[in-house]
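Since the structure comes first, as C-alpha cells, the remarks are kept for the end.
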Amino acid sequence: MEKSMFRLDGKIALVTGAATGIGAGIAATLARQGAAVVISDKPGESLAATAESVKRHNDSVMELEMDVCDTDQIRAGIRKLQETLGKVDILVNNAAVNRPAPGLEVTEESWDDHFKANVKGGFFLAQKVAPMMIQQKWGRVIWISSQSGLIGIPGQPVYCSTKGAVIQLVKVLGLEWAKHGITVNSVAPTFVETNMTRKRLQNQEFLRFVLGKIPIGRLATIDEVAAAVAFLASEEASMVNCHALRVDGGWTAW
Ligand SMILES: NC(=O)c1ccc[n+]([C@@H]2O[C@H](COP(=O)([O-])OP(=O)(O)OC[C@H]3O[C@@H](n4cnc5c(N)ncnc54)[C@H](O)[C@@H]3O)[C@@H](O)[C@H]2O)c1
C-alpha cells in the first residue's frame, strides 16, 4: 500500500500559545497527522480544552506552562520537556499578542511587550530547541507570522513590525540551520476570527475593509492555517526553507 502523505508519526511537536485560537487548532491538526504534541501557554491559561481535542487523535499529549516573554521560563520548560520526552522535532512558534494602536498613540511599554512576545520569545525558544534538532539532524521550526509582516495595515504599526521581523528571522535561521537538516519557515495568514481579532471584526466598517481586500471574499479559517503548518512540518516539505507561506486568499498579491 502507498504511504499517505504529510504524516507526522513518531514526531514530537511543541506548540506555543496553544490554549486557544490558531494554536489550539494547530495542536489538534498535528496530532491528527500522528505527532505527539506538547501544548504550551502562559501560566494561568487553561490547556484543558486543547488537550481534549488533541487526545481525540493521539493520546500522547503533554501540557507545559511557559511564558515566552520570560527566558528563565523558556529554559526551565525546555529542560522539563527534554527530561520527559527527550527531544523536539517540530517547534511551532505561534504565541503572540496584538493590541492595535495608531502610531501616534503607541506607548514604549506596548512596543516592548509586542517585541518580547512576538519576536524575542520565539527566537530564544528556537535557539534552545535547535541543539536537539542538530543532534538528530532533523527539525522543523515554524512561526505563525502574518500577512501583516508583508504589507502595512493602518492601526497596527507595532504588530506589523514584529511580524516583519519574524519573516526576516525565518530567512536567516533557515540559512544558518539548513546544513543540520532543519528547515525554518512561517505561515502568513490573513484575518482569522479568534480572540485576537473578534472584537475588531465585529465592527462592520472594519470587516468590509478586510473582506474587500481578500479576493477569495472571506476570512481564513483556523483549519486552513493549521493545514499549512502540517505541510511545512512534514517530510514532503523538506525542500521548503526560509519561506513565508501565505494563507491569505490573495490579499498580499494586490
Ligand atoms: N487571528 C488572526 O487574524 C491572525 C492572522 C495572522 C496571524 N495570526 C497569528 O496567529 C497566532 C495565533 O493567534 P490567534 O489569533 O490564535 O490569537 P489568540 O489571542 O486567540 O491566541 C494567542 C495565544 O497566545 C498566547 N500567548 C500570548 N502571549 C504569550 C506568552 N507571552 N507566552 C505564551 N503564550 C502566550 C495566549 O495566551 C493565547 O492562548 C499569532 O502569532 C498571531 O499573530 C493571527
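Under the definition of Cα pairs under 8 Å and six or more residues apart, what whole-number percent is the relative contact order of the stretch 12-253?
Relative contact order here is 19 percent.
Calculate one ³J(HN,Hα) per residue across the stretch 115-128 by plugging θ = phi - 60° into the Karplus curve 6.51 cos²θ - 1.76 cosθ + 1.60, and present them in order as whole Hz with x for glycine and proline.
For the stretch 115-128, the Karplus curve yields 5, 5, 6, 8, 10, 4, x, x, 4, 6, 5, 4, 4, 7 Hz.
Figure the gain on full extension for Gln82 and Glu45 (residue separation times 0.36 nm, minus the Cα-Cα span) and round it to one decimal in nm.
On the way: separation 37, 0.36 × 37 = 13.32 nm, distance 2.23 nm.
The span from Gln82 to Glu45 would gain 11.1 nm if fully extended.
For the pair Lys171/Glu52, report the inter-label distance in nm, with labels modelled 7 Å from Cα in the Cβ direction.
With each label point 7 Å from Cα toward Cβ, the separation is 4.4 nm.
Using Cα springs under 10 Å in a Gaussian network model of the chain, which residue among Asp72, Asp113, Asp89 shows the largest mean-square fluctuation?
Looking only at Asp72, Asp113, Asp89, the biggest GNM fluctuation is shown by Asp72.
Which percent of the accessible area of the chain is formed by carbon and sulfur heavy atoms (probe 1.4 angstrom)?
Working: 6420 of 12070 Å².
Its accessible area is 53 percent carbon and sulfur atoms.
Given a Förster radius of 45 Å and the C-beta distance between Cys242 and Glu193 as r, what FRET efficiency does 1/(1 + (r/R0)^6) yield to the nearest 0.05?
Working: r = 30 Å, r/R0 = 0.66.
Efficiency, from the Cβ-Cβ distance: 0.90.
Would you grab the residues whose amide H sits under 5 Å from the one on Val247? Only those 5+ places off in sequence or on another chain, please, with H modelled 1.01 Å from N.
Ala188, Thr190
Give the long-range amide H neighbours of Val68: residues separated by 5 or more places, or on another chain, with amide H under 5 Å away, using H modelled in the peptide plane at 1.01 Å from N.
none
Among Arg56, Arg218, Arg99, which one shows the biggest mean-square fluctuation in a GNM of the chain, springs joining Cα atoms closer than 10 Å?
Arg56
Kindly give Rg over Rh for the stretch 73-205, based on alpha-carbon atoms, with the Kirkwood expression for the hydrodynamic radius. Numbers along the way, then the final one.
Working: Rg = 16.3 Å, Rh = 15.9 Å.
So for the stretch 73-205, dividing Rg by the Kirkwood Rh gives 1.02.
Going by amide H atoms built from the backbone, whose H comes under 5 Å of the H on Gly155, apart from near neighbours?
Distant-sequence amide H within range of Gly155: Gly103.
Given 10 °C and 1.306 mPa s, how large is the Stokes-Einstein diffusion coefficient of the chain in µm²/s, with Rh as the Kirkwood radius over Cα pairs? Intermediate results must be reported in sequence, preceding the final value.
On the way: Rh = 18.2 Å.
My calculation gives 87 µm²/s for D.
May I ask you to evaluate 6.51 cos²θ - 1.76 cosθ + 1.60, the Karplus curve with θ = phi - 60°, for each residue of the stretch 65-79 and list the ³J(HN,Hα) values in order in whole Hz, giving x for glycine and proline?
Karplus values, whole Hz, x for Gly and Pro: 7, 6, 8, 5, 7, 10, 5, 5, 5, 5, 4, 5, x, 5, 4.
Among DSSP beta bridges lying fully in the chain, give the percent that are antiparallel, nearest 5. Write out the running numbers ahead of the final one.
Numbers: 0 of 27 bridges.
Antiparallel bridges make up about 0 percent of those DSSP assigns within the chain.
For Cys242, what accessible area in Å² do you get when you roll a 1.4 Å probe over the heavy atoms of the protein chains, rounding to the nearest 10?
We get 40 Å² for Cys242.
When the Kirkwood radius is taken over all Cα pairs of the stretch 36-121, what Stokes-Einstein diffusion coefficient follows at 25 °C and 0.890 mPa s, in µm²/s? Could the numbers behind the result be given before it?
Details: Rh = 14.6 Å.
Reported coefficient: 168 µm²/s.
If you plug each phi of the stretch 203-216 into the Karplus form 6.51 cos²θ - 1.76 cosθ + 1.60 with θ = phi - 60°, what whole-Hz ³J(HN,Hα) values come out, in order, with x for Gly and Pro?
6, 4, 5, 5, 4, 4, 4, 5, 5, x, 8, 9, x, 6
Beyond 29 Å between alpha-carbons counts as too far, so tell me which of Lys42/Lys163; Lys128/Lys171; Lys3/Lys80; Lys42/Lys171; Lys120/Lys199 fall in that bin. If you can, show how the numbers build up before the last one.
Working: Lys42/Lys163 20 Å; Lys128/Lys171 18 Å; Lys3/Lys80 34 Å; Lys42/Lys171 27 Å; Lys120/Lys199 27 Å.
Violating the 29 Å Cα-Cα cut-off are Lys3/Lys80.
Could you work out [θ]222 nm for the chain from helices alone, using -39500 (n - 2.57) per DSSP H run of at least four and dividing by all its residues? Round to the nearest 500 deg cm²/dmol. All intermediate terms of the calculation are to be shown ahead of the outcome.
On the way: 9 runs with 106 residues, N = 254.
Computed ellipticity for the chain at 222 nm equals -13000 deg cm²/dmol.
The values are calculated or read from the model by the stated rules, or taken from the named source; none is laboratory data. Keep in mind that this is a model prediction, so the values were computed, not measured. Heads up, the Cβs are rebuilt from the backbone with ideal geometry, glycines too, and the neighbour counts pull from every protein chain shown. When the accessible area is computed, the model is the full protein with side chains, heavy atoms only, and any ligands, DNA or RNA have been set aside. Shrake-Rupley method; radii C 1.70, N 1.55, O 1.52, S 1.80 Å.
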